[in-house]
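Shown next, in structure tokens, is the structure this report addresses.
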Amino acid sequence: MTLEMDRDHSVDELARLGKTLVSHFFVLLKSSVNYGAGHAAIVQRVGNLLEVVRAIAGKDDDASLILKGGHLYLGELRLRPDIATFEGPRYVMELMRRHHLGRITFGPGVTSADLQRFVYLLQEPQEDESEAFQRLLEAVQQRGIGNLELDLLREDEVLTMTPQLRRIRGAGDKVRPLYRKLLSTMDEVAAEVASGRRLRLRESKRVVQQIIDLLYTHETDLLGLSTMRSHDSSSQHHAANVCILSLLVGKRIGMNKFHLCELGLAALFHDIGNCDVPAEILDKPGELSAGERELMEKHPLYGVRKVMKLKGLDDLTARIITGIFEHHLMADFSGYPRVGYRKLGLLGRIISIADSYDGLTSSRVSGRAAYAPHKALRVMLSQSGKSYDQALLKVFVSCVGIHPVGSLLLLDEKDIAVVVGNSEDPAQWDNPLVRIIADREGRETEGGEVIALGSPGSPQTITAILDPYLYDLDVSRYF
């Protein structure tokens with residue numbers, strides 16, 4: 001009896017380590033989309049993965065992830081995902097299928113450098129997947145990646161690339177690297193500010209102009225990237241998201257590319273003044289004291305001061321300064337800075353809405369849980385005409401939809417779906433374009449059928465709105 005209990009405990013512990021291995025591998029892979037090799041976020045996540053690899057090796061087991069029969073195994077032990085670990089295994093399995101990988105064994109001697117080179121190799125786009133495994137092996141050898149063993153996937157396990165999946169990945173190959181470049185640019189800006197150097201707009205302006213160009217061909221994909229906050233809530237992500245959301249509104253109201261560039265830069269730098277606010281105030285859990293709040297509310301003024309130090313003030317920097325100064329004033333001037341200011345510009349009104357939405361739907365504020373997108377919109381709509389410009393808020397809702405891209409829905413036939421698009425017709429705002437990710441039996445749907453709710457061929461309706469944050473589900477991978 002004691003032997004059986006010990007054996008059961010050993011199996012349970014190995015299953016826990018296996019799930020942890022998948023989870024850390026997944027988080028590292030997702031982080032590699034946004035950060036370059038050597039970034040602190042990557043180094044930390046590689047360390048987490050190495051720790052669990054060594055823990056498994058300490059139990060005289062191989063840290064081998066095996067894809068077999070549509071399931072992930074740690075060696076011979078099947079890892080059964082629960083609702084809280086749904087996304088990680090699915091992502092890892094699809095990535096293994098894409099490269100025709102049947103097994104990945106992390107050797108006990110695997111290093112941080114090995115893992116970093118490997119994850120970036122796995123993320124590289126492929127035009128032809130017919131020889132994916134052989135090309136992967138060659139690349140592993142060429143890049144000096146050691147202490148990893150790879151086996152070929154069985155032919156019946158290979159993911160068939162439909163034209164629809166190829167189009168989705170093609171869009172991601174264009175949009176995601178640019179999003180990462182936007183984050184990298186903000187990292188450089190933060191470093192410049194911290195060292196006391198002047199802000200340089202040239203690189204930031206170039207990236208914003210590239211974002212604007214993609215707005216006209218990949219609007220939904222860009223909007224979807226603003227939901228990528230499952231594993232990072234940094235100020236750089238917030239700046240990038242506010243930039244994208246503001247540009248979507250600007251494009252929808254007919255701003256030309258020149259004025260969109262002004263809006264994008266103002267949105268990107270809207271919180272640059274936070275660099276002069278002590279970190280213990282910005283990250284403080286719970287309520288701020290009156291003195292702390294007074295200091296925090298000066299960050300728009302600090303931001304204005306930093307931009308004014310730019311060499312040669314011109315119309316562009318004047319627009320940026322206006323957006324930074326106004327983004328917390330609120331439509332009824334109930335916000336801050338508290339000065340005798342009674343004329344709110346267009347850029348400030350747009351950025352205020354984008355800033356509030358991204359702030360509500362992320363957990364950047366210490367001690368506060370993120371709102372689901374539809375709940376955030378409900379809060380903001382309740383303040384329409386007071387805190388937010390009524391007409392612009394309607395435009396914003398038309399951009400993100402009543403069920404914003406990335407919303408997780410339960411349909412009346414018990415299918416689970418992710419919103420991947422919305423209609424510009426206000427009469428159809430409650431009938432988004434969705435991708436089915438699991439059927440009524442709870443089985444994951446390979447390839448993900450896309451349907452337009454409310455259309456004659458798609459009679460399904462929305463039964464409930466689910467909260468992906470509760471399940472640690474990164475919905476951004478579905479569009």
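The values are calculated or read from the model by the stated rules, or taken from the named source; none is laboratory data. Given the structure is predicted, the values throughout are model-derived calculations rather than measurements. Virtual Cβ from ideal backbone geometry, glycine too; neighbours counted across all protein chains shown. Ligands, DNA and RNA are excluded from the accessible area calculation, which covers all protein heavy atoms including side chains. Shrake-Rupley method; radii C 1.70, N 1.55, O 1.52, S 1.80 Å.
For residues in region 63-89 being crowded, with 21+ Cβ neighbours inside 10 Å and under 22 Å from the mean Cα position of the chain (by Cα), which is modelled with the lowest pLDDT?
Within region 63-89, the match that is modelled with the lowest pLDDT is Glu87.
Restricting to region 94-117, and then to whatever is under 19 Å from Ile56 (Cβ atoms) and within 23 Å of the chain's Cα centre (by Cα), can you tell me which residue is modelled with the lowest pLDDT?
That would be Met96.
State the number of residues belonging to region 440-479 that are in contact with a Ser or Thr (Cβ under 7 Å, 6 or more places away or on another chain) and either at positive phi or at pLDDT below 70 (or both).
Qualifying residue count, region 440-479: 5.
Cβ-Cβ distance below 9 Å, separation of 6 or more or different chains: which pairs start in region 134-148 with a residue that is more than 12 Å from His99 (Cα to Cα) and touching a residue at least 40 places away in the same chain (Cβ under 8 Å) and end on one that is of a type outside the set (D, E, K, R) and surrounded by fewer than 15 Cβ atoms within 10 Å (Cβ to Cβ)?
Every condition considered, the pairs that remain are Asn147/Pro108; Asn147/Gly109; Asn147/Thr111.
Does Gly254 satisfy being under 17 Å from Ser398 (Cα atoms), in a loop (DSSP other than H, G, I, E, B) and at pLDDT 90 or above?
So Gly254 fits the description; yes.
Taking the options Leu199, Leu225, name whichever one is open to solvent by less than 60 Å² (accessible area, probe 1.4 Å), farther than 21 Å from Val33 by Cβ and at pLDDT below 80. Steps first, please.
Numbers: Leu225 fails: farther than 21 Å from Val33 by Cβ.
Unique residue meeting the criteria: Leu199.
Just wondering, is there one or more residues in region 398-415 that are part of a helix (DSSP H, G or I), of a type outside the set (A, V, I, L, M) and either at positive phi or surrounded by fewer than 17 Cβ atoms within 10 Å (Cβ to Cβ) (or both)?
Taking every residue of region 398-415 in turn, none turns out to be part of a helix (DSSP H, G or I), of a type outside the set (A, V, I, L, M) and either at positive phi or surrounded by fewer than 17 Cβ atoms within 10 Å (Cβ to Cβ) (or both).
Every residue in region 135-161 that is open to solvent by 60 Å² or more (accessible area, probe 1.4 Å), modelled with pLDDT under 85 and in a loop (DSSP other than H, G, I, E, B), please.
Across region 135-161, the qualifying residues are Arg154, Thr160.
Quick grid of which residues meet (1) aromatic (Phe, Trp, Tyr); (2) open to solvent by 50 Å² or more (accessible area, probe 1.4 Å); (3) without any contact (Cβ under 8 Å) to a residue 60 or more places away in the chain:
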site	(1), (2), (3)
Leu248	no, no, no
Leu263	no, no, no
Leu268	no, no, no
Ala290	no, yes, yes
Arg293	no, yes, yes
Pro300	no, no, yes
Gly323	no, no, no
Glu326	no, no, yes
Ile351	no, no, no
